[in-house]
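The values are calculated or read from the model by the stated rules, or taken from the named source; none is laboratory data. Note that this is a predicted model, so its numbers are computed, not measured. Using ideal geometry, Cβ is built from the backbone for each residue, glycine included, and neighbour counts are taken over all protein chains shown. Heads up: the accessible areas ignore ligands, DNA and RNA and are worked out on the full protein's heavy atoms, side chains in. Shrake-Rupley method; radii C 1.70, N 1.55, O 1.52, S 1.80 Å.
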Amino acid sequence: MKVSILLLSVIFSISSLIAMENDSALAECPMNSGGIQSLEDNTAHKLQAEKNLARLLEDPQGLLAEMKQIRKNFSAEMSKYGADFNETTHRQVVQDFEKECTFFLLTECAAESCLLRRSNNPRYRAAFEDRVANALSDKLSNDTLIRCLSYGSGGLLSDFRILSKALSKKPCAQLKIDLIDTLFKPELLGAVHEEEFSHNPRIGTLFIEQFTRQLKNNFSQAAISVSVHSSIVNYCNQYAKTMRREAPDMIFAADIDSDSGYNDYNKLCFNMLRIKPHAYNLLLSKKASDKASLDTLSISNGKLSVHSEEIK
């Protein structure tokens, strides 16, 4: 599934599901979100979470196939409830399937023709994720809050892998994560899993909740907060009065598949670099002849310039 980013200012708040703006350093992060009871006291669940995370970091492509089957089984189970569906039942079934994979609802670009799809060219996405994760881990600190912005976040699996790789090296860090994607608009959330969960669009909010909850569960000593935005406009509006002191330390994007999306990303980076010239940015970009590159933007003489490094 490809992600198209449009400048649409639709305000979307899921504060009841996700830990929103919270810049205070915490000794430990809350272990629950959205009302699902934590299983972290259960040894078996802890071992399963560790196993899933290790597999994601070492063999993401192999794990993706298994997660797809888990989602199919989950979808079949949810379809049994019909009119008896309720929020409690929904969350209980999610919790049951998390025993197989703690982040099974997370997805990434799955379009068969996509050059950047992991199964088509695994080295492209791996090179991007490794580069961003290493840069983030270098910045992370126990004493200083680091802000990162992911543009075109989609199904959040790639973001989850990047953040997990970085936090594995700095498990007590302070991290603020902003995620931007038009799929975070209420009317589009079901499209994240359109093929698998077309009968149940409410699954949309749960995958965002699962992303946040499992990130905090896996790295409980870190101070982590997550905010989602359905457009650049919404993101800028939220930080309109505080942007100069809250500009991101990192901006990254991978799943952009339109000219308007690239233009919006460039504008976002340009504005952020004017505030924080040394902010890290990286884009996984498609090139001609089935090539891909890692692109870094900078401002020179008031204009945006691009440095492209082809992925071999």
Considering each of Leu105, Leu57 in turn, give the residue that is in contact with a Lys or Arg (Cβ under 8 Å, 6 or more places away or on another chain) and surrounded by 17 or more Cβ atoms within 10 Å (Cβ to Cβ).
Leu105
Residue count for region 270-312, restricted to those that are open to solvent by 40 Å² or more (accessible area, probe 1.4 Å) and either acidic (Asp, Glu) or in a loop (DSSP other than H, G, I, E, B) (or both)
11
Cβ pairs under 9 Å, 6+ apart or interchain, first in region 208-222 and in contact (Cβ under 8 Å) with a residue 40 or more places away in the chain and assigned to a helix (DSSP H, G or I), second open to solvent by 20 Å² or more (accessible area, probe 1.4 Å) and of a type in the set (Ser, Thr, Tyr), ordered by first then second residue, are Arg213/Ser38; Asn217/Ser38; Asn218/Ser168
Exactly one of these conditions fails for Cys114: (1) assigned to a loop (DSSP other than H, G, I, E, B); (2) buried (at least 21 other Cβ atoms within 10 Å of the Cβ); (3) of a type outside the set (D, E, K, R). Give me its number.
(2)
List the pairs whose first member sits in region 259-277 and is on the phi > 0 side of the Ramachandran plot, whose second member is of a type outside the set (D, E, K, R), and whose Cβ atoms are under 7 Å apart, counting only residues at least 6 apart or on separate chains?
none
Does Lys170 fit the bill of being in contact (Cβ under 8 Å) with a residue 12 or more places away in the chain and farther than 24 Å from Asn263 by Cα?
yes
Tally, over region 153-177, of residues that are of a type outside the set (S, T, N, Q), open to solvent by 10 Å² or more (accessible area, probe 1.4 Å) and under 11 Å from Leu57 (Cα atoms):
2
Note on region 158-205: residues modelled with pLDDT of 95 or more, hydrophobic (A, V, I, L, M, F, W, C) and part of a helix (DSSP H, G or I) are Phe160, Ile162, Leu163, Ala166, Leu167
(1) among the basic types (Lys, Arg); (2) part of a loop (DSSP other than H, G, I, E, B); (3) open to solvent by 30 Å² or more (accessible area, probe 1.4 Å) all hold for Arg123 apart from (2)
Looking across region 86-102 at residues that are assigned to a loop (DSSP other than H, G, I, E, B) and in contact (Cβ under 8 Å) with a residue 12 or more places away in the chain, the single one that is most open to solvent (accessible area, probe 1.4 Å) is Lys99
For region 254-269: of the residues being at pLDDT below 90 and among the acidic types (Asp, Glu), which is most open to solvent (accessible area, probe 1.4 Å)?
Asp259
Given the condition acidic (Asp, Glu), out of contact with any Pro (no Cβ under 9 Å at 6 or more places or on another chain) and part of a helix (DSSP H, G or I), answer yes or no: does some residue in region 255-266 qualify?
yes
